[in-house]
Amino acid sequence: MPLQTIGALPDASKTGGVEKTISLGLKNYLLFQSYHHYRWPLWLISSIDELERHFRPVTPPILLNTYYRDWMYFTSILSSHRIMIDHAGMLTPTNAPWSIELWVLNGNRVFRPQDDCNSIIQVRDPHTSLITTKWTNRDFTLHMEMYGTRTSIDEAIADISFSTVGKAGGTSLVVAVRPYGTEQIGGLHSLEYQSENKTVRINNETTFYVSHSPSEVFTGSGMYGDVNFREKQGKVSCFDGMASMALVYPVKKELLELKVRLSLSEKKSVESLKLNYISVKKDFAEYLDVMKRQGFILSIGDKRLSNWFVNTKLISLGNVNRMIRLLGDKCGVIEARESFYLVKALSRMGFDKEARLIVDAWRTSIHISERTEFDDLIIFCYFLSSFADSYLFTRDTAYLQDNYEFIKKLAHAALSAGKDLFQKKKKKAAHNSLPYVYAGRYHLHDTLLYAHTLSQYAYLCRTIGLFGDEIKFSREAERYHEMLSYEITGLIASAAAESPLDSDAFSGIHGLDEFIVYLSFCVSPFAVDSIKREEKKKLLSMISAVYKKKPLFLRSFGGWDIFLTIMFARNTLLMNDAASQDIIEFFLNIGEPRYSLPDCIHPVSLRGIGGTGESSMVNSSIFLFLRNLILIDGPNRLEIFPVPKEEWFRPGAEIVVENAPSRFGKIHFKVISTQNEIQMYFTELPKYVPPDIMIHLPYKTELKEGDDFMLKKEEGFSYIINGWPSVIRFVRTGQEKNS
């Protein structure tokens, strides 16, 4: 989005109409339109949208930055605000309408990383999780590393080093303050560099600090134009919110080092402090190391899987305080959906405390009124399901009892509203809760969520002995499950027979929404047991047939929907389909070495084009997939390695699982592969022993029976046992290569 120049485009009526205005260039128009949106009719926005997409647009009539929407987020984990780091290294605080860019001045030329993105490498270190951006030019190298600290406030530190090739000769580094961010423009009304304490005041707040005084300061504004490197000025005001500033640092000895400290706290100023930055960086890296060693710990020979596993945990932790802040303001459907998946992931990571903090903050923002509207019902459902899902791993009955009266009122309000909106014989809701489905019509996903919520509340009632409500809600849930089973299995039968679909609800299959993919959620997270396993497999196969290939292409945005694709892959994994690994490997490869993926990716450029940059929803879904690669905890069975990879069990390989949360309690086991055997040690007894344990291996072995378990069934390369053994030994048969 950032441009070299910022200027007002002429009025359409004075330039020869729409065609000539469009020819000025979509990229410039995007910038102008977001600043002067009130001047342009919606039909013109739609025409430009169509011109850019080359097909009939289905999104609402609004222009967005649809280029490079795959920025990363930096957080100190403790902070509720974050720094957005785009692919060019532009830093945008999430609570601010401005950004910091790093430019290079050489003579009369200005070099900007946005104009040279192919020379930039961005990395999240898999060991320290620190984010670095490196821009290499034939004349210079610019390196920026982000880490955090807590002084009197939460801070982010940009540790910058700039080196030239040969003599510096008139080269300068520029810290440029720009009146735009990754998602908005305007709002920067005043800028002032305070030389006495080396801080910059933005909109009358001291917002960032530089470790060295610049040699020169230049400014720009909406009235006088962008930064002019001929006129020095350390202060500027702009009524239009388009103020800008450049702090210039000449490079005298081929190397320049600079630290920029930015506030991550709401309306709190950065102070002029002398810090030992080496110690600060070391302390922050050690803090992250402590955090990543908490909860579910996985040690496995697959480095890619291990690195993603650790970083999804840290990214999730970094979203906790942000989500608490958002929920404290007001909870909408978007926040409810993200919270549901974040709580789901945190609970399975072993971060019970953090999951509960979100649930508690969420509760304060929920109000039960006399009339429950559609959005309220969806929020109630996500909250109740999240509460029950979190409880599944803690079994904290005291906490449940303390919250039960509120939970009960919410459940009964949801039940009453659902009868009006989801009754089969009544008119179904002319709404849906899905993020990219803009048609005002019912979507089966919401009934799946609603039925799941009824089941979850019935489960809560059973755990504290309230059998009346358990029976009432169980029966209602079962009724909806049967209805869902009827509709989904009917769809499968219709598709198999290649006959027209009977229900209007299924008309989206060949339209521009993702109707059919959301039906896979009947497997997980909204498990519908009334649909048989074989029928679920048929549904997943049908989805593959409809979309022809994976990843899943989202027509409304013209790209791959990453969240839906990974959730679809997770559901195929739960059906023990090895094809799921191909999908996840593809995306893990795209996301490296940043360990980050956006909501929507362009299939050619592989860059983010929609959503929120580094997506919390995608991050949660990746962790849920990786966790299920190791174990699946069903109500009656613990399944280990549902789709095992052969390299995990090569002689000398070792897998260690510690503190893995499950509905049976914490799971601990170790797998040691020798030349002749695969040995599995169950090191600690969980709170509840699973009725069955199913272990999958990648090839044929022979199980050595023991005294502390019983072999119930052998299926191919898999074994079902009863008991909790101290060790199980699988003898290699020498048939690995033929398997």
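FYI, it's all coordinate maths here, none of it is from the lab. Quick caveat, the model's predicted, so the values are computed rather than measured. Positions of Cβ are generated from backbone atoms using ideal geometry, with glycine treated the same way; all protein chains shown enter the neighbour counts.
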Obtain the nm distance between the two label points defined at E482 and K549 by a simple spin-label model: each point lies 7 Å from its Cα along the Cα-to-C-beta direction. 4.4 nm
Under 16 Å from the Cα of K549 - aspartates and glutamates, other chains or at least 8 residues apart: E514, D561, D577, D582, E585
Trypsin sites (Lys or Arg not before Pro) restricted to DSSP loop in the range 263-345 with at most 12 other C-beta within 10 Å: K267, K274, R293, K330
From DSSP H assignment alone, runs of 4+ in the chain each adding -39500 (n - 2.57), the sum over residues rounded to the nearest 500 puts [θ] at 222 nm at -11500 deg cm²/dmol
Label-to-label distance, nm, for residues given as K532 and T151 (7 Å Cα→Cβ offset): 6.8 nm
Using θ = phi - 60° and Karplus 6.51 cos²θ - 1.76 cosθ + 1.60, couplings along the range 655-662 (whole Hz; Gly, Pro as x): 10, 10, 10, 10, 6, 7, x, 8
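Grab the Cα-Cα distance for E370 and E715, subtract it from 0.36 nm times how many residues apart they are, and report the gain in nm with one decimal.
Separation in residues times 0.36 nm, less the Cα-Cα distance, equals 118.7 nm.
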If the cut-off is a Cα-Cα distance under 17 Å, which lysines reach K353, setting aside same-chain residues fewer than 8 apart in sequence? K292, K313, K344, K666
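Just want to confirm a number: the relative contact order over the chain, from Cα pairs under 8 angstrom separated by 6+ residues, in percent.
For the chain, the relative contact order is 10 percent.
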As an exercise, use a Förster radius of 60 Å and the Cβ-Cβ distance of N722 and N203 to find the FRET efficiency, rounded to the nearest 0.05. 0.35
With +1 on each Lys and Arg Cβ and -1 on each Asp and Glu Cβ, and nothing else charged, work out how big the dipole of the range 73-276 is about its Cα centre, in Debye to the nearest 20. 380 debye
What is the local net charge at F682, summed over the other residues whose Cβ is closer than 13 Å to its Cβ (Lys, Arg +1; Asp, Glu -1)? 0
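Please report the antiparallel percentage of DSSP beta bridges with both residues in the chain, rounded to the nearest 5.
Numbers: 118 of 123 bridges.
Among the beta bridges of the chain, antiparallel pairing accounts for roughly 95 percent.
Can you put I667, I120 in order of Cβ neighbours within 10 angstrom, beginning with the fewest?
I120, I667
Counting only C-alpha contacts under 8 Å and six or more residues apart, can you give the relative contact order of the range 637-738 as a whole percent?
27 percent
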Taking Cα pairs closer than 8 Å and at least 6 residues apart, the relative contact order of the range 333-529 in percent is 19 percent
Tell me, in nm to one decimal, what length is gained between A653 and E231 on full extension, where the rule is 0.36 nm per residue of separation less the Cα-Cα distance? 145.4 nm
Given charges of +1 on the Cβ of Lys and Arg and -1 on the Cβ of Asp and Glu, with all other atoms neutral, how large is the dipole of the chain about its Cα centre, in debye to the nearest 20? 440 debye
